[in-house]
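Q: Could you have a look at this structure, given as structure tokens, before my questions?
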Amino acid sequence: MRSARKLPAGPAGHPNLAVVEADLLSLGDEDLQRHLRGCEAVLSCLGHVLSFRGLFLPPRDLVTRATRRLCRQVEVLRPPRPVKVILMSSVSVNHPGGLDTRRGALERALLCLLRGVLPPANDNQKAASFLYGDIGTDNPFVEWAVVRPDTLLEGDISEYTLHETLVSSLFAPGSTRMSNVAHAMCELLTNPKAWEAWKGKLPVIVNAVASAMP
Ligand SMILES: NC(=O)c1ccc[n+]([C@@H]2O[C@H](COP(=O)([O-])OP(=O)(O)OC[C@H]3O[C@@H](n4cnc5c(N)ncnc54)[C@H](OP(=O)(O)O)[C@@H]3O)[C@@H](O)[C@H]2O)c1
């Protein structure tokens, strides 16, 4: 991360945590390889910071470039078992294989507009397309899952569900606690059954009773 001081005190002081403070895209290939060597997984919550600079100034393809570089450097390392790449994304991202329930015409038009004016929306879609199309599902060194939360909320871990496809629309959004996203990403990493079920897929994650329990 770029600003270690933003880490909460508890996790920041954990003896098993090593924090590297860097701009991910500025790390050279050798540095990236050094950090990736021996890793079982890469969990990425990278995103454009919500400011004019973060949203509109370069790098507009932050997530795509970072994802591509991470995967390519893993391939260079040729790990004995595939590294799990788990990417936090968004329900604004369409399944690149066209496997989502079809959005309505108005919603498709809105998304098209958003991707035209908001670089992050386009970036998230391109990152998912890279994993789906370029890495695919029989890469010997990289396996992946793209986790798609709805509107992010604070709050403790609660019941949540994962879905193969979209369950709400941009006009009637659902909600997802950030803690649930973290839990689901860790579950994918540590539970082999969960990984078998979701690798190579783009699970949509929503709070179980979104309307009653935000
Ligand atoms: N916000 C929502 O409601 C929402 C909903 C669904 C999905 N999403 C998606 O979830 C993902 C994460 O979003 P978020 O809302 O959690 O974003 P966030 O809180 O702004 O977190 C983004 C993180 O990326 C880091 N970062 C940005 N540029 C970097 C760089 N060049 N090198 C290293 N680190 C960098 C930031 O570090 P610094 O703190 O150092 O800047 C920050 O830790 C995004 O893909 C977003 O589209 C968001």
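Q: Let me know the Rg and Dmax you get for the stretch 93-214 when you use only its Cα atoms, in Å.
A: 14.8, 43
Q: Report, in degrees rounded to the nearest 10, the 0 to 90 angle that the Cα long axis of helix 119-129 makes with the longest principal axis of the chain.
A: Once rounded, one gets 70 degrees.
Q: Sticking with this structure for a sec: What relative contact order, as a whole-number percentage, does the stretch 24-207 give when Cα pairs under 8 Å and 6 or more residues apart are counted?
A: Relative contact order of the stretch 24-207: 25 percent.
Q: Test of understanding: what is the full-extension gain from Arg69 to Ala12, defined as 0.36 nm times their sequence separation minus their Cα-Cα distance? Mind showing how you got there, number by number?
A: Values: separation 57, 0.36 × 57 = 20.52 nm, distance 2.61 nm.
Full extension from Arg69 to Ala12 adds 17.9 nm.
Q: Continuing with the same structure: What are the residues whose amide H is under 5 Å from the amide H of Arg177, where those residues sit 5 or more places off or on another chain and H is modelled from the backbone?
A: Leu153, Asn207
Q: Under the rule a/c < 1.5 gives rounded, and otherwise a/b versus b/c splits prolate from oblate, where does the chain land using the Cα gyration tensor? Please list the in-between numbers first.
A: Working: a/c = 1.34, a/b = 1.30, b/c = 1.03.
The shape class here is rounded.
Q: So for the chain, if I pair up every lysine 8 or more residues apart or on another chain, how many of those pairs have alpha-carbons under 22 Å apart? Let's see the in-between values first.
A: Details: Lys84/Lys126; Lys84/Lys193; Lys84/Lys199; Lys84/Lys201; Lys126/Lys199; Lys126/Lys201; Lys193/Lys201.
Pairs that pass both the separation and distance tests number 7.
Q: Given the chain, what percent of its DSSP beta bridges are antiparallel, to the nearest 5? Write out the running numbers ahead of the final one.
A: Details: 5 of 20 bridges.
If I count the DSSP bridges inside the chain, around 25 percent turn out antiparallel.
Q: May I pose another question? In degrees, nearest 10, range 0 to 90: what is the angle between the Cα axis of helix 178-190 and the longest Cα principal axis of the chain?
A: 50
Q: Using only Cα atoms and rounding to the nearest 10 degrees, what angle (0 to 90) does helix 62-77 make with the longest principal axis of the chain?
A: Here the helix axis deviates by roughly 40 degrees.
Q: Next up: Which ³J(HN,Hα) values in Hz, rounded to whole numbers, follow from the phi angles of the stretch 141-146 under the Karplus curve 6.51 cos²θ - 1.76 cosθ + 1.60, where θ = phi - 60° and Gly and Pro get x?
A: So the J values, rounded to whole Hz, are 10, 10, 10, 8, 8, 10.
FYI, it's all coordinate maths here, none of it is from the lab. Given the structure is predicted, the values throughout are model-derived calculations rather than measurements.
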